[in-house]
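Enquirer: Please find one structure pasted underneath; my questions will follow.
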Amino acid sequence: MAHQVRAVVARAKGAPVSLETIIVPDPGPGEALVKIEACGVCHTDLHYREGGINDDFPFLLGHEAAGIVESVGEGVTDVAPGDFVILNWRAVCGQCRACRRGRPQYCFNTHNAKQKMTLLDGTELSPALGIGAFAEKTLVAAGQCTKVDPAASAAAVGLLGCGVMAGIGAAINTGNVGRGDSVAVIGCGGVGDAAVVGSRLAGAAKIIAVDIDDRKLQTAKKLGATHTVNSRDSDAVEAIRELTGGFGADVVIEAVGRPETYQQAFYGRDLAGTVVLVGVPTPEMKLELPLLDVFGRGGALKSSWYGDCLPSRDFPMLVDLYLQGRLDLDAFVTETIALDEVEKAFERMHGGDVLRSVVVL
Ligand SMILES: NC(=O)c1ccc[n+]([C@@H]2O[C@H](COP(=O)([O-])OP(=O)(O)OC[C@H]3O[C@@H](n4cnc5c(N)ncnc54)[C@H](O)[C@@H]3O)[C@@H](O)[C@H]2O)c1
Ligand SMILES: [Zn+2]
Ligand SMILES: [Zn+2]
């Protein structure tokens with residue numbers, strides 16, 4: 001039996017999204033049907049709509065979600081109907097060269113549902129990041145469902161499905177931030193703020209938030225930044241060095257995705273320190289650095305894909321910390337909206353006063 005549900009679809013490049021009735025098949029082998037409770041609006045959804053990811057329109061948008069498993073297909077044992085789950089875009093395969101080397105967080109062959117969801121006329125939909133959760137129900141690979149404590153708020157913990165996990169993981173997994181470290185975070189949107197929160201969780205002694213928008217800096221401070229720098233008014237590198245005894249931070253997390261902010265990260269870091277690039281650049285961007293500085297400054301230059309997370313390891317742990325009051329995920333939910341307000345949420349993104357709008361169903 002197929003299900004007809006309401007969902008947010010991007011039909012054509014640059015065109016406003018529309019609320020449509022779509023057809024979601026019953027789960028086949030290895031798949032799960034999930035009733036969505038909440039789904040955050042992420043920049044990546046807007047990128048899809050603008051044709052910035054690929055041209056596989058129509059897209060079924062939404063990917064930062066939590067919900068309840070409604071039914072599962074043949075052979076699914078990890079989750080069962082009734083489970084409260086966060087959806088992820090890293091259902092590891094266990095077979096690829098990364099998995100075989102014991103590094104499943106880099107899995108090169110992550111699983112998605114095999115069956116397609118469609119429009120009423122049979123046109124196949126491309127679900128954003130293999131999820132598609134601005135919908136009453138969606139179909140995913142069972143491995144994309146991570147069971148967590150149902151006492152948690154779906155709107156808050158669903159955000160672990162993408163941006164918030166990317167930021168926290170950039171600090172705790174990729175940057176390996178530890179007790180007493182100094183950290184600078186460049187770009188304090190949802191991802192950068194999550195990196196601030198992750199750094200604090202990891203015991204960083206100094207957390208310097210850098211942004212060009214004072215409102216963003218205020219929020220970063222509330223979330224745990226010990227110092228703020230408006231890099232429109234002052235030189236980011238000099239300011240970071242000044243705040244770290246003249247040396248630079250042990251770890252600098254770049255959460256913008258631009259060459260100039262990457263350079264700030266590179267030079268705002270202490271000798272032998274770590275740069276983590278979690279911001280996503282666009283194809284035309286180029287980086288120029290003296291190779292001697294790359295050598296001479298030592299340390300590590302790393303990229304962070306999805307915070308190098310392993311959903312099965314990280315989601316339940318972070319949800320437990322949230323429930324204990326040690327990780328304020330509610331602070332990332334600026335507003336809750338209805339399914340037909342996603343387009344408005346895209347417009348609000350440019351305003352700079354929203355960390356996350358979250359669709360609640
Ligand atoms: N690596 C991953 O797996 C992953 C996952 C999700 C998102 N991302 C990426 O992370 C980045 C941030 O996402 P977000 O949701 O926080 O976006 P956002 O737009 O909410 O935040 C970006 C922040 O950067 C600030 N900014 C812009 N230009 C700046 C500059 N020159 N100097 C300092 N600050 C500047 C903005 O004021 C804003 O606060 C994006 O590139 C996004 O695509 C990466
Ligand atoms: Zn793999
Ligand atoms: Zn996202």
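The values are calculated or read from the model by the stated rules, or taken from the named source; none is laboratory data. This structure is a prediction, so every number in the text was calculated from the model and none was measured. Here the Cβ positions follow ideal geometry from the backbone for every residue, glycine too, while neighbour counts run over all protein chains shown.
Enquirer: Can you pull out the residues in segment 15-34 that are touching a helix residue (DSSP H, G or I) at 6+ places or on another chain (Cβ under 7 Å) and either not assigned by TED's automatic domain parsing to the domain that holds residue 91 or not charged (D, E, K, R) (or both)? Before you say what the answer is, go through the steps one by one.
Expert: Our first condition is that a residue be touching a helix residue (DSSP H, G or I) at 6+ places or on another chain (Cβ under 7 Å); within segment 15-34, this holds for 16-17, 19, 30-32.
Selection gives 16, 17, 19, 30, 32.
Per-residue answers, yes or no, for (1) assigned to a strand (DSSP E or B); (2) surrounded by 22 or more Cβ atoms within 10 Å (Cβ to Cβ):
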| site | (1), (2) |
| --- | --- |
| 225 | no, yes |
| 251 | yes, yes |
| 275 | yes, yes |
| 288 | no, no |
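Enquirer: Looking at 280, 237 in this structure, which one is at pLDDT below 95 and either within 16 Å of ligand 3 (Cβ to nearest atom) or outside any loop (DSSP other than H, G, I, E, B) (or both)? Steps first, answer last, please.
Expert: On the way: 237 fails: at pLDDT below 95.
Within the list 280, 237, the selection yields 280.
Enquirer: Of all residues in segment 81-108, which are away from ligand 1 (no atom under 16 Å from the Cβ) and among the β-branched types (Val, Ile, Thr)?
Expert: 85
Enquirer: OK, next. Sort out which residues of segment 187-203 are in contact (Cβ under 8 Å) with a residue 40 or more places away in the chain and assigned to a loop (DSSP other than H, G, I, E, B), and write them in order of number.
Expert: Matches in segment 187-203: 187, 188, 189.
Enquirer: Shifting gears a bit: Give just the number: which of (1) under 18 Å from the mean Cα position of the chain (by Cα); (2) part of a loop (DSSP other than H, G, I, E, B); (3) more than 11 Å from residue 60 (Cα to Cα) does residue 143 not satisfy?
Expert: Single failed check for residue 143: (2).
Enquirer: Then there is this: Criterion first (more than 11 Å from ligand 1 (Cβ to nearest atom), within 23 Å of the chain's Cα centre (by Cα) and of a type outside the set (Asp, Glu)) does residue 225 satisfy it? Can you show your working first?
Expert: Working: more than 11 Å from ligand 1 (Cβ to nearest atom): yes; within 23 Å of the chain's Cα centre (by Cα): yes; of a type outside the set (Asp, Glu): yes.
Yes.
Enquirer: Failed condition for residue 51, given (1) more than 24 Å from residue 147 (Cα to Cα); (2) touching a residue at least 40 places away in the same chain (Cβ under 8 Å); (3) not charged (D, E, K, R); (4) not in a strand (DSSP E or B), with all others met?
Expert: (2)
Enquirer: Applying the selection to segment 231-261, what residues are within 20 Å of the chain's Cα centre (by Cα) and at negative phi?
Expert: As a first pass, look at segment 231-261 and keep what is within 20 Å of the chain's Cα centre (by Cα): 251-258, 261.
Scanning segment 231-261 gives 251, 252, 253, 254, 255, 256, 258, 261.
Enquirer: Mind checking whether some residue in segment 60-71 is within 16 Å of ligand 3 (Cβ to nearest atom), touching an Asp or Glu at 6+ places or on another chain (Cβ under 8 Å) and farther than 18 Å from residue 314 by Cβ?
Expert: yes
Enquirer: Criterion first (away from ligand 3 (no atom under 16 Å from the Cβ) and among the small types (Gly, Ala, Ser)) does residue 249 satisfy it? Explain how you work it out, then say what you get.
Expert: Numbers: away from ligand 3 (no atom under 16 Å from the Cβ): yes; among the small types (Gly, Ala, Ser): yes.
Judged against the criteria, residue 249 is a match.
Enquirer: If you don't mind, there's one more thing I want to ask. Of all residues in segment 166-189, how many are closer than 30 Å to residue 132 by Cβ and in contact with a strand residue (DSSP E or B) (Cβ under 9 Å, 6 or more places away or on another chain)? Spell out the reasoning first.
Expert: Filtering segment 166-189 for residues closer than 30 Å to residue 132 by Cβ gives 166-174, 187-189.
Narrowing further to those that are in contact with a strand residue (DSSP E or B) (Cβ under 9 Å, 6 or more places away or on another chain): 167, 170-171, 174, 187-189.
Number of matching residues: 7.
Enquirer: Restricting the search to segment 35-49, which residues are of a type in the set (Lys, Arg) and out of contact with any helix residue (DSSP H, G or I) (no Cβ under 8 Å at 6 or more places or on another chain)?
Expert: Applying the first criterion (of a type in the set (Lys, Arg)) to segment 35-49 yields 35, 49.
Once the filter is applied, which keeps residues that are of a type in the set (Lys, Arg) and out of contact with any helix residue (DSSP H, G or I) (no Cβ under 8 Å at 6 or more places or on another chain), segment 35-49 yields only 35.
Enquirer: If you don't mind, there's one more thing I want to ask. Would you check which residues across segment 59-79 are part of a loop (DSSP other than H, G, I, E, B) and farther than 23 Å from residue 283 by Cβ and list them? It would help to see each step written out before you state the result.
Expert: Here is the first cut: in segment 59-79, the residues part of a loop (DSSP other than H, G, I, E, B) are 61-63, 73-79.
Once the filter is applied, which keeps residues that are part of a loop (DSSP other than H, G, I, E, B) and farther than 23 Å from residue 283 by Cβ, segment 59-79 yields 62, 73, 74, 75, 76, 77, 78, 79.
Enquirer: To continue, here is another question. Please go through segment 90-128 and pick out each residue that is outside any loop (DSSP other than H, G, I, E, B), of a type in the set (A, V, I, L, M, F, W, C) and in contact with a strand residue (DSSP E or B) (Cβ under 9 Å, 6 or more places away or on another chain). Before the answer, list the steps.
Expert: From segment 90-128, those outside any loop (DSSP other than H, G, I, E, B) are 97-100, 104-106, 118-119, 124, 126-128; that's our starting set.
If we keep only those that are of a type in the set (A, V, I, L, M, F, W, C) as well, we get 98-99, 119, 128.
Listed by number, the residues that qualify are 119, 128.
Enquirer: Considering segment 156-197 alone, what residues qualify as being more than 16 Å from ligand 3 (Cβ to nearest atom) and either of a type in the set (Phe, Trp, Tyr) or within 26 Å of residue 351 (Cβ to Cβ) (or both)? Let's see the steps before the verdict.
Expert: In the first step, residues of segment 156-197 are kept if they are more than 16 Å from ligand 3 (Cβ to nearest atom); the result is 171-186, 188, 196-197.
Result: 184, 185, 186, 188, 196, 197.
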